[in-house]
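The values are calculated or read from the model by the stated rules, or taken from the named source; none is laboratory data. This one's a predicted model, so the numbers in the text were calculated from it and none came from an experiment. Counting neighbours? That spans all protein chains shown, and the Cβs are built from the backbone with ideal geometry, glycine included.
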Number of protein chains: 2
Amino acid sequence: MTGVTQGVRPRGAGRAQLHETALRLFASDGVEGTSLQAIADDMGVTKAAVYYHYRSKDDLVLSVLAPVFTELDAIADRAAAHRSRPARLDEFVTGIVGLIVDNHSRFAVLVGDPYVERLLAAHHDLSGWWRRIVDEIVGAGADPLTQTAMLVFLTGMTAPLIKPPVAGLDAETQRAHLIECGRRILQIRRRPA
Amino acid sequence: MTGVTQGVRPRGAGRAQLHETALRLFASDGVEGTSLQAIADDMGVTKAAVYYHYRSKDDLVLSVLAPVFTELDAIADRAAAHRSRPARLDEFVTGIVGLIVDNHSRFAVLVGDPYVERLLAAHHDLSGWWRRIVDEIVGAGADPLTQTAMLVFLTGMTAPLIKPPVAGLDAETQRAHLIECGRRILQIRRRPA
DNA sequence: GTCTATAGAAGGATAGAC
DNA sequence: GTCTATCCTTCTATAGAC
């Protein structure tokens with residue numbers, strides 16, 4: 001899906017490739033550690049070419065992250081539709097793991113990067129998703145242990161795919177293992193109806 | 001031992017306070033997002049004063065992180081001393097949670113910061129601790145699910161204390177909840193002998 | 001132990017040619 | 001849509017006075 005649709009490009013690849021390059025560098029070096037110069041160099045263009053597509057670095061960062069907000073909303077919607085909490089939690093875990101496996105870098109940058117954290121604090125309309133998860137999925141008045149467990153789950157999902165022991169597994173195995181971890185943390189017995 | 005800054009430290013209160021300030025800013029803004037200027041400003045001194053204590057930024061970062069390596073080694077030692085795997089895992093979980101609750105910022109910066117990740121890749125003598133955990137605590141030939149669970153646990157421990165729902169709890173409650181999360185992830189039934 | 005001053009490199013961002 | 005060239009700011013790091 002993300003692939004090399006542009007193939008070997010002598011010049012002028014456009015936004016899609018820029019997105020892809022930026023995300024890769026953000027994930028490996030951190031947002032603050034990735035200069036627009038580095039992105040331009042990686043693509044074989046100049047900084048000015050990057051500024052043609054995005055007004056600022058923050059603009060680029062938010063643009064790269066945007067898809068994950070849409071996904072998170074969709075996941076939260078699907079989960080919130082269930083009546084019982086175990087069902088909501090399981091739907092949520094499954095959804096998040098799917099997001100991670102298909103879209104790991106984006107999620108890791110969103111949850112883990114200090115630059116992004118500050119950026120979203122400014123755009124507070126984008127930073128309410130954690131509140132929503134607690135309120136609608138876990139339940140607003142949930143006990144602290146369950147809230148803690150949800151937090152550990154969400155944070156815990158960010159690293160696994162890039163580290164040695166897990167990185168080598170195929171996608172379906174990763175998916176199954178991560179879902180199992182989520183069910184353990186949140187104590188979901190099995191797939192509830 | 002790397003001999004980064006070590007040797008003598010007969011200085012005044014300057015170093016301790018510098019350590020503390022740097023760690024706080026590293027944790028909140030990321031290492032790359034924290035300039036030596038910002039550290040100096042926060043302490044009410046100049047950059048040059050910081051350079052009197054540390055030869056470079058990397059030197060400062062490694063010095064700030066150093067205590068956590070000592071702690072991790074001690075925790076791994078205590079855990080590895082147990083014969084049964086459940087006992088090793090439980091000792092490890094308890095130790096890590098203790099480290100987190102008492103020393104959260106340092107651990108979070110160590111595990112989560114991209115700058116630190118690159119820095120440790122260079123000093124590869126300091127980055128072997130994850131390997132050690134897998135080999136000695138989980139067991140070298142452990143199944144991928146257990147290895148994944150350990151990774152999720154370690155990563156999951158980095159966020160909780162600073163986020164709203166958990167940050168407000170008292171230390172003992174945090175400790176208990178985090179230990180419970182660890183036991184769930186790693187499926188440790190109870191405190192084994 | 002801390003300061004002023006500054007070198008030298010790198011980063012974000014803009015203007016205007018093609 | 002991409003380029004060259006440039007501006008201004010900030011960063012790491014050093015030199016030398018007090």
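Within the range B:111-137, being of a type in the set (Asp, Glu) and at the interface with chain A (Cβ under 10 Å from one of its Cβ atoms) holds for B:ASP113, B:GLU117. Answer yes if at least one residue in the range A:82-89 is under 19 Å from A:LEU119 (Cβ atoms) and in contact (Cβ under 8 Å) with a residue 12 or more places away in the chain, and no otherwise. No - not one qualifying residue is present in the range A:82-89. Here is the figure for the range A:41-50: residues that are surrounded by 15 or more Cβ atoms within 10 Å (Cβ to Cβ) and within 7 Å of DNA strand D (Cβ to nearest atom) total 2. Hey, does the range B:174-185 have a residue that's of a type in the set (Gly, Ala, Ser) and surrounded by fewer than 20 Cβ atoms within 10 Å (Cβ to Cβ)? Scanning the range B:174-185, I find at least one residue that is of a type in the set (Gly, Ala, Ser) and surrounded by fewer than 20 Cβ atoms within 10 Å (Cβ to Cβ), so the answer is yes. The residues of the range A:18-30 that are touching a residue at least 60 places away in the same chain (Cβ under 8 Å) and more than 15 Å from DNA strand D (Cβ to nearest atom), listed by number, are A:LEU23, A:ARG24, A:PHE26, A:ALA27. Screening A:LEU119, A:LEU99 for residues that are among the aliphatic types (A, V, I, L, M), within 16 Å of DNA strand C (Cβ to nearest atom) and under 30 Å from B:VAL97 (Cα atoms) leaves exactly one candidate, A:LEU119. For the residues B:ALA87, B:ALA81, B:ALA108, the requirement of being closer than 28 Å to B:GLU32 by Cα and either modelled with pLDDT of 95 or more or within 11 Å of chain A (Cβ to nearest Cβ) (or both) singles out B:ALA108.
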